[in-house]
1. Among the numbered criteria (1) in contact (Cβ under 8 Å) with a residue 60 or more places away in the chain; (2) in contact with a Leu (Cβ under 9 Å, 6 or more places away or on another chain); (3) outside any helix (DSSP H, G or I), which one does PRO87 miss?
2. From the list VAL166, VAL132, VAL150, pick out the single residue that is touching a helix residue (DSSP H, G or I) at 6+ places or on another chain (Cβ under 7 Å), buried (at least 21 other Cβ atoms within 10 Å of the Cβ), within 29 Å of ALA219 (Cβ to Cβ) and among the β-branched types (Val, Ile, Thr).
3. Might you check whether a residue that is of a type in the set (Gly, Ala, Ser) and part of a strand (DSSP E or B) occurs anywhere in region 271-279?
4. Hey, could you check region 183-201 for residues that are part of a helix (DSSP H, G or I) and either in contact with a Pro (Cβ under 6 Å, 6 or more places away or on another chain) or open to solvent by less than 50 Å² (accessible area, probe 1.4 Å) (or both) and say which is farthest from ALA17 (Cα to Cα)?
5. Since SER226 meets every condition but one in (1) out of contact with any helix residue (DSSP H, G or I) (no Cβ under 9 Å at 6 or more places or on another chain); (2) open to solvent by less than 50 Å² (accessible area, probe 1.4 Å); (3) of a type in the set (Ser, Thr, Tyr), which condition does it not meet?
6. Where residues in region 238-248 are open to solvent by less than 50 Å² (accessible area, probe 1.4 Å) and in contact (Cβ under 8 Å) with a residue 40 or more places away in the chain, which of them is farthest from SER217 (Cα to Cα)?
7. So SER52 clears everything in (1) surrounded by fewer than 22 Cβ atoms within 10 Å (Cβ to Cβ); (2) closer than 21 Å to SER80 by Cα except one condition, right? Which one?
8. Among the residues of region 236-253, write down those that are outside any strand (DSSP E or B) and either within 17 Å of SER274 (Cα to Cα) or modelled with pLDDT of 95 or more (or both).
Amino acid sequence: VFEMNCDVYFVFNGTAANSLALASLCQSYHSVVCHDSAHIETDECGAPEFFSNGTKILTTAGDNGKLDPHALEHMITRRSDIHYPKPKAISLTQSTELGTVYTPEEIREIWRVARKHGLKLHMDGARFANAVVSLGASPRELSWEAGVDVLCLGGTKNGIGFSEAVVFFDRRLSQEFDFRCKQAGQLAAKMRFLSAPWAAMLEDGLWLKYADKANQSAALLAKKLSMIPEAQIVYPVQANAVFVRLPEHLRRALQQGGWACYEFIGGGLRFMCSWMTTVEDIDALCDCLKQAARLC
């Protein structure tokens, strides 16, 4: 799939993948720079810090959930004294927590900053497949060819029951990673149950077909929501996430209609489409909103 010789390890979930991968890049006195909406900062309960024995997460801003190279440069260079945790890695999310995607050139821009300061580049690819399909790019173009050292490749969010793959393109960084996995409780007695589904997903391109289905569903949902006057799409819909702002009466109507929705990081209600999302699902959601809008 990636057209290069890489080291691959399977773990149960994305938190373990990200945390152990970053721990392999850093010592306890180091820091990892990421976007302030990144999953490793907002949704992993301090696991990256825990598994690296104290590596600090430093956050910076950027439009639409993406790291800004200039802000990144500032965060890395703002201090270099011994009293401050030394930046050692940059982590970016593909696709981002706000549903946007990094182009190969945008990734290379971040890699140039990393290379300039001797940092490693980690990619949280929980929805990497959605980005590949969205851009029509190859996996290699969005990973090692753009400078990524280690990719946490998402399986769970793309149809696999459980397991994520940690892919080291710089194989020197994976030294003794198997010991990290064992210590963290990520070595299954029957590891084939974690790895076998990947063969089925990858060999015939099924992982990309599933991602394409999710992306197309999100695009359709965004189109239909944009036709409701009081609904406001918050971020560009580039993968399988749709963020929408709704007035309170429409949000109540969704809740009363049985739709379990909530406001997510970045503002607005977040709707995630998957390989299982149907046109009927989308129509039912939008019909609920249209009916509530008419009643008001």
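The values are calculated or read from the model by the stated rules, or taken from the named source; none is laboratory data. These numbers were taken from a predicted model, which means no experiment stands behind them. When we count neighbours, we look across all protein chains shown, and the Cβ atoms used for this are built from the backbone with ideal geometry, even at glycine. Protein only, heavy atoms only, side chains kept; ligands, DNA and RNA dropped before computing areas. Shrake-Rupley method; radii C 1.70, N 1.55, O 1.52, S 1.80 Å.
1. (1)
2. Working: VAL166 fails: within 29 Å of ALA219 (Cβ to Cβ); VAL150 fails: within 29 Å of ALA219 (Cβ to Cβ).
Going through VAL166, VAL132, VAL150 in turn, just one is touching a helix residue (DSSP H, G or I) at 6+ places or on another chain (Cβ under 7 Å), buried (at least 21 other Cβ atoms within 10 Å of the Cβ), within 29 Å of ALA219 (Cβ to Cβ) and among the β-branched types (Val, Ile, Thr): VAL132.
3. Of the residues in region 271-279, the ones of a type in the set (Gly, Ala, Ser) are 274.
Narrowing further to those that are part of a strand (DSSP E or B): none.
No, region 271-279 contains no residue that is of a type in the set (Gly, Ala, Ser) and part of a strand (DSSP E or B).
4. First, the residues of region 183-201 that are part of a helix (DSSP H, G or I): 183, 192-201.
Retained after the next criterion (residues that are either in contact with a Pro (Cβ under 6 Å, 6 or more places away or on another chain) or open to solvent by less than 50 Å² (accessible area, probe 1.4 Å) (or both)): 194-195, 197-198, 201.
Values: LEU194: 13, SER195: 14, PRO197: 17, TRP198: 16, MET201: 19 Å.
Out of the qualifying residues, it is MET201.
5. (2)
6. Just the residues of region 238-248 that are open to solvent by less than 50 Å² (accessible area, probe 1.4 Å), to begin with: 239-244, 246-247.
Checking which are in contact (Cβ under 8 Å) with a residue 40 or more places away in the chain leaves us with 239-243, 246.
Details: ALA239: 10, ASN240: 7, ALA241: 9, VAL242: 10, PHE243: 14, LEU246: 20 Å.
The selected residue is LEU246.
7. With (1) surrounded by fewer than 22 Cβ atoms within 10 Å (Cβ to Cβ); (2) closer than 21 Å to SER80 by Cα applied to SER52, the lone miss is (1).
8. In the first step, residues of region 236-253 are kept if they are outside any strand (DSSP E or B); the result is 236-240, 246-253.
If the condition is that a residue be outside any strand (DSSP E or B) and either within 17 Å of SER274 (Cα to Cα) or modelled with pLDDT of 95 or more (or both), then PRO236, VAL237, GLN238, ALA239, ASN240 are the ones that fit.
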